[in-house]
């Protein structure tokens, strides 16, 4: 992955950190995106990359103009973009549709849908222009099979997955792939329950190799 630059959103989260370390070890340059500059600084120090190989950006991805400004900063720093790993999001649930506050729907749509729209509009054309790119989003099987009492989350994740599949179709002739990794839960403590951040990062790495260029528009289950 030498000479390739990847954006990782939600970089300071447990999965983001695992992805950042895995991609850095394989020679990639990284754009680390988050909302807490102090946490981004800690991650950058942990990675111990030369200044030429990383950029930290504090961005509210729900803000379209801010995302486009971030894309310009990436272009200035690296001159190209080769991949987008979008890990921003959250979960709310436990209530029926009737009981769920409108604010919960707005929050989930903002975190999962609007962030994705802004990122795809800002970075998709740049990868298409390079004639190479990788887009990866982490989702859950409940997006397609809602269990009930999770409507705000599952509706937003279903919409996000639809955006990924649309991007895969629209950029299929540009050597840009877009895929979804589905996990039931993230095993941050390595307790043996759920999918570990390292397992997720390893799957992302594979999807970003040239050999995975024919995998696009896929929902990849990473759970038992």
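Any read-out appearing in this document is the output of simple, stated calculations on the displayed coordinates, not a laboratory observation. Since the model is a prediction, treat every value here as computed from it, not as a measurement. When we count neighbours, we look across all protein chains shown, and the Cβ atoms used for this are built from the backbone with ideal geometry, even at glycine.
Report, by residue number, each residue of the stretch 84-107 that is in contact (Cβ under 8 Å) with a residue 12 or more places away in the chain and more than 15 Å from residue 10 (Cα to Cα).
Passing the criteria: 92, 93, 94, 95, 96, 97, 100, 104, 105, 107.
Taking the listed residues 151, 174, the one that is surrounded by fewer than 20 Cβ atoms within 10 Å (Cβ to Cβ) and either over 28 Å from residue 102 (Cα atoms) or in contact (Cβ under 8 Å) with a residue 12 or more places away in the chain (or both) is 174, with no other qualifying.
Considered as a group, the residues in the stretch 1-27 that are out of contact with any helix residue (DSSP H, G or I) (no Cβ under 8 Å at 6 or more places or on another chain) and free of Cβ contacts under 8 Å to residues at least 40 places away in the same chain include one that is surrounded by the fewest Cβ atoms within 10 Å (Cβ to Cβ), and that residue is 2.
Looking only at residues in the stretch 57-83 that are in contact (Cβ under 8 Å) with a residue 40 or more places away in the chain and under 12 Å from residue 29 (Cα atoms), the one that is surrounded by the most Cβ atoms within 10 Å (Cβ to Cβ) is 83. Looking at this structure, is residue 60 more than 20 Å from residue 205 (Cβ to Cβ) and in a helix (DSSP H, G or I)? No.
The residue that is nearest to the chain's Cα centre (by Cα), counting only those in the stretch 84-117 that are part of a helix (DSSP H, G or I) and exposed (fewer than 15 other Cβ atoms within 10 Å of the Cβ), is 106.
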